[in-house]
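Undergrad: Can you keep this structure in mind? I'll have questions shortly.
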Amino acid sequence: MGLTKQYLRYVPDGVLNYLAAQRCNIATIQEQTNSKGDRRSRSHWIAFACGEIIHVWDIRRNEKVLQFTSVAEEVTCLAFMNNEKLLAAGYADGSIAVYNLFTEQLVFSQKGHKSSVNCIAFNSDGSLLASGSNDTETILWDVVGQTSLCRLKGHKSPITDCRFMLHHPYLLTSSKDSLLKVWDLQTYRCCSTLVGHKSEINKFVLLNEDQRLVTGSADSEIRVYDLTFVDPKGEVDASIATTTLEENVIASALENESTDTNSSPVRWKMAGSIIRKDRIVGMAVDPTGGYLSFHGNDAWLECIKMNTDEKVKELLGRRVRKKRKKMKKELLTEDAAEDPLEEDEPLTASELLELQFTKLPPHKCGGKIFSLVFLKKAASEPPTLLLNLGNSLRSVSIDVGDNLLKEASSVALPAHRFDIRTSAITSDGNTIITSCSEHLRIWNREAMQCVHTIPCDYAVSSALIPGDRFLVLGSKNGKLELFDIIEGVMHVSIQAHAGPVWGLCLYNDARKSIITGGEDKEVKFWDLDFGSPDSDRGMTLTCRKTVKMDDSVASVRLSPDQKLLAVALLDNTVKVMMADSLKFRHSLYGHALPVTCMDISWDSRFIVTGSADKNVKIWQLEFGDVAKSLFAHDDSVTSVLFIPRTHMFFSAGRDGKIKQWDADKHERITTFSGHHSEVWSLALTADGRTLVSTSHDRSIRLWQKTDEILVLDEERETEREQEFEKQANQTEEPVIAGEVNKEIGPAGRQTFKAMQAAEKIVEALNILREEKSQAEAGVKEPPHALLVAYGNITSVRYVLETLKRIKPSELQGALLSLSLNDAVELIQVLKDLLLSGTQTELVTKALTYLLRVNALQIESNKMLLLELDELRSHGTDHLDRLRNLVSFNRAGLEHLQLQLEERDDVKLFSDATQQFTERKKKLKKRAVLSMAS
């Protein structure tokens, strides 16, 4: 039996080119901390995402303070809790995660949606979390219990925004179906629906203590509604009734508008609208409620000042005086306008809205705005907006005196703004070179920072000249550019081809030649002359030979032994010719679409081609016969690269995946999942231990080879688990007997981990059954090995310990996976535990869920009648006893805290928290960026 071939694992080793992602919003803390002893104020912290990495940034000190990474998917939305303690994130795969800013740890993470999460929001006290997704559903999460509560199903299109009301138990959600729904958090039902929008609602905000609603949609109209709340008796809540300075004017303005006469507890009246040129994409309101800002799909930022009652009264007086002056000019009597409020025509709702809102002049930013947020400022500081412009975070302040928007400062992130099409890495792996359509950037791997930025043409190919000092770049405009990466300058730029230079490789002979292939159907050989230090003659590139091809050239490669030259053409073939005489050797044909990339092994034995037909083919280079055709990617293959001194190679595709293959065994080794969009280029060090990949998501990822042995069987098992998770996430939610309501559903899902937890519960129940059967038969056997391992506990106690080890987010899915017989037996065990007062909270949660999902079967079979009657009569006593105990302990702790604060004049635990955060701060390496004012 032959030896099994061993493979070593590549692991992620860092991400370069981080910047605020265009898809994710910027989150900011809107409340001040109450901890007097905590000197690290968080009021100027912001959070933005780069792929799956969340950066928490101190905007005032201009430095990164925290970084979170737990889910290997792209972050799509962020939200801070008001008390500065928690940060919630939504991901592209439908997951949500909650992080603790004090302990810098993950609180919990769970997948509940089928597709990307578009919005996420905390309620006022942070106990509830709402997430809206592209799957048209909204899920409510219990942050304290770390589990999902319910799934709200009322919209017919993706959810665009969700917000909790501050002073009322309602959740508002908007969707692309042009509806805005209000959900009652006490009954989990939709209690009201706002109609009237002609297109999708993108954003909305609540103003004036939940008394006013402002919506932004795709029809370029901002609609304003006044809200009123009705108690169950049908009376309007007096605490939120509309009271303004001129009640008779407002009443006359609103009595002409349509009134919502339905029985909904939340009612609205149209107060007016504001027309703008473009659709509304983003909207934000100042923490003080004084300014409303919004933007569209362009670089223009607009802002509206919400006038106070005194300002509205002043503007109304001006309006009256202006009208009176006009009447005098028309030779009317002076008595005609003695009392304008009584004799003049009443104001319409739109006219009143013009008095309440003052529109500021628009401000044009340096690029397209992707998201915006107001920063928390002191009362003496002007309101400030923070904008995400793709590669920079720009702050814009509002001049309160002149009512103007002024650019304050910007944080310029050293990052590529556009697709990174080419990459190269030096032989020692210390320097990485990447290029896009406007810049070539040189990165220091150890510092993980950009050290040089050089303007360049649109790069589509590149090659690093031996010596690791000079880089040749081929552009989309047909130019060849030569750069000195040590000095950070460009030495040569010449027009090489009439079209894009898609192929570029080195001819390592004495003349240091370069071979290029372009869309103009030509392959050219260039001699590189570095010049002489004794003369003024600089570096030059001279074309010494041109070969005309039958079609456009997509790629060129020279074999390492310098004997054969391979040229890929758009006619789906690869022409192999002698490198010295350019004599045709053979043609490689078999791809259905053009070959986009290729590479040759170190011993010139194999050539690997990747095509737009999603296949990778392995060829014998000497004779041109195909050894194997592999279906490699779900989209076009963009890059292939052999590992030096091996027959293993990497392939990258537009599906965002990087795969490692064995050309000898013709099998896939592993798959790298890190990029969130098309992977454009790959680069390897000379020893093959470091891999660099660049992508359309503008990230540069490093992969490091380790000494860990990769077992193929384990890799396939992991891939099967991931595939099961993916399929389970796409299935419908579980059907619960008796549940017929279409607006609400269970939020739990049967994930792979939940099924594993269910298997552990069944195993514990089997041990319990064995002990019962042995006791009934009078057979005395030694205890089960698992019971001995846990300290000779009883089988009932082992069932409880099994439930305790299950995560709260997986408990419902595990209980849902149990069969009816297992569920009935578990209910009996939980009943005994509840009556004994053991783990009352956990036991009650599991017991109520089991009874709910199996209610019809239990009722139809008339099972557990005695147990249910005993629970009804005695079960609530234990819950009341636990509730009273918790309330008593909480009151005692609050009293103790007040006494300590009065004695020491500090908040409880604040000094300890400060010491802990300072100790963690010393252990973290912080990246500092330059501030451009």
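Undergrad: Treating only the Cα positions of the range 748-861 as identical point scatterers, give the base-10 log of I(q)/I(0) from the Debye formula at each q in 0.19, 0.23 Å⁻¹.
TA: For the requested q values the scattering log ratios are -1.04, -1.38.
Undergrad: Can you give me the long-range amide H partners of ALA579? Hydrogens built in the peptide plane at 1.01 Å from N, cutoff under 5 Å, separation of 5 or more residues or another chain.
TA: For ALA579, the qualifying residues are LEU564, LEU565.
Undergrad: Roughly how many percent of the accessible protein surface of the range 748-861 is carbon and sulfur, given a 1.4 Å probe and a whole-percent answer?
TA: On the way: 2920 of 5710 Å².
So the carbon and sulfur contribution to the accessible surface is 51 percent.
Undergrad: Grab the Cα-Cα distance for ASP832 and ASP551, subtract it from 0.36 nm times how many residues apart they are, and report the gain in nm with one decimal.
TA: Values: separation 281, 0.36 × 281 = 101.16 nm, distance 8.07 nm.
This chain segment gains 93.1 nm when fully extended.
Undergrad: Cross-link list LYS114/LYS753; LYS64/LYS726; LYS5/LYS628: which exceed 27 angstrom alpha carbon to alpha carbon?
TA: Numbers: LYS114/LYS753 17 Å; LYS64/LYS726 34 Å; LYS5/LYS628 19 Å.
Beyond 27 Å: LYS64/LYS726.
Undergrad: Further, regarding this structure: Quick one: which residues, 5+ away or cross-chain, put their amide H under 5 Å from the amide H of SER681? H built at 1.01 Å from N.
TA: For SER681, whose amide H was placed from the backbone, the distant partners under 5 Å are THR694.
Undergrad: Could you give each residue of the range 782-796 its phi-based ³J(HN,Hα) in whole Hz, using Karplus coefficients 6.51, -1.76, 1.60 with θ = phi - 60°, and x for Gly or Pro?
TA: These are the phi-based 3J(HN,Hα) values: x, x, 4, 4, 5, 5, 5, 5, 8, x, 6, 7, 7, 5, 5 Hz.
Undergrad: List the residues, sorted by chain then number, that are 5 or more residues from SER133 or on another chain and whose placed amide H is less than 5 Å from its amide H.
TA: Amide H neighbours of SER133: ASN118, ILE159.
Undergrad: A follow-up question, please. Tell me, what ³J(HN,Hα) does each residue in the range 837-851 have, in order and in whole Hz, if you take phi through Karplus 6.51 cos²θ - 1.76 cosθ + 1.60 with θ = phi - 60° and put x for Gly and Pro?
TA: x, 9, 6, 4, 5, 5, 5, 5, 4, 5, 5, 5, 5, 5, 5
Undergrad: Ignoring any ligand, DNA or RNA, what whole percent of the accessible area of the range 108-178 comes from carbon and sulfur when the probe is 1.4 angstrom?
TA: Carbon-and-sulfur percentage of accessible area, whole number: 47.
Undergrad: I need the peptides 879-885, 278-284 ranked by packing, meaning the mean over residues of other C-beta atoms within 10 angstrom, with the highest value on top.
TA: Averaged packing, sorted descending, gives the order 278-284, 879-885.
Undergrad: Measuring from centroid to centroid over Cα atoms, what is the spacing of the range 577-596 and the range 646-694 in Å?
TA: Cα centres, the range 577-596 to the range 646-694: 24 Å.
Undergrad: Rank-order 463-472, 541-550, 649-658 by packing density, defined as the average count of other C-beta atoms within 10 Å over each peptide's residues, highest first.
TA: Sorting 463-472, 541-550, 649-658 by mean packing, highest first, produces 649-658, 463-472, 541-550.
Undergrad: Another question about this same structure. What order do you get for 553-561, 765-773, 631-639 when each peptide is scored by the mean count of other beta carbon atoms within 10 Å, highest first?
TA: Top of the packing list down: 553-561, 631-639, 765-773.
Undergrad: Leaving out same-chain residues fewer than 8 places away, which lysines sit with a Cα under 18 Å from that of LYS476?
TA: Partners found: LYS521, LYS524.
Undergrad: Through the Karplus equation 6.51 cos²θ - 1.76 cosθ + 1.60, θ set to phi - 60°, convert the phi angles of the range 471-481 into ³J(HN,Hα) values in whole Hz; use x for Gly and Pro.
TA: Values per residue, Gly and Pro as x: 10, 9, 10, x, 10, 6, 8, x, 9, 10, 10 Hz.
Undergrad: Students often get this wrong, so check it: of LYS305/LYS329; LYS85/LYS376; LYS368/LYS479; LYS153/LYS657; LYS203/LYS269, which have C-alpha atoms separated by over 22 Å?
TA: The pairs that break the limit, which is 22 Å between Cα atoms, are LYS305/LYS329; LYS368/LYS479; LYS153/LYS657.
Undergrad: Before I look further, what does the range 748-861 give for accessible area per residue, probe 1.4 Å, in whole square angstrom?
TA: 50 Å²
The values are calculated or read from the model by the stated rules, or taken from the named source; none is laboratory data. Predicted model, so just to flag it, every value in this text is computed and none were measured. With ideal geometry, Cβ positions are generated from the backbone for all residues, glycine too; neighbour counts draw on all protein chains shown. Calculation scope for accessible area: heavy atoms of the full protein, side chains included, ligands and nucleic acids excluded. Shrake-Rupley method; radii C 1.70, N 1.55, O 1.52, S 1.80 Å.
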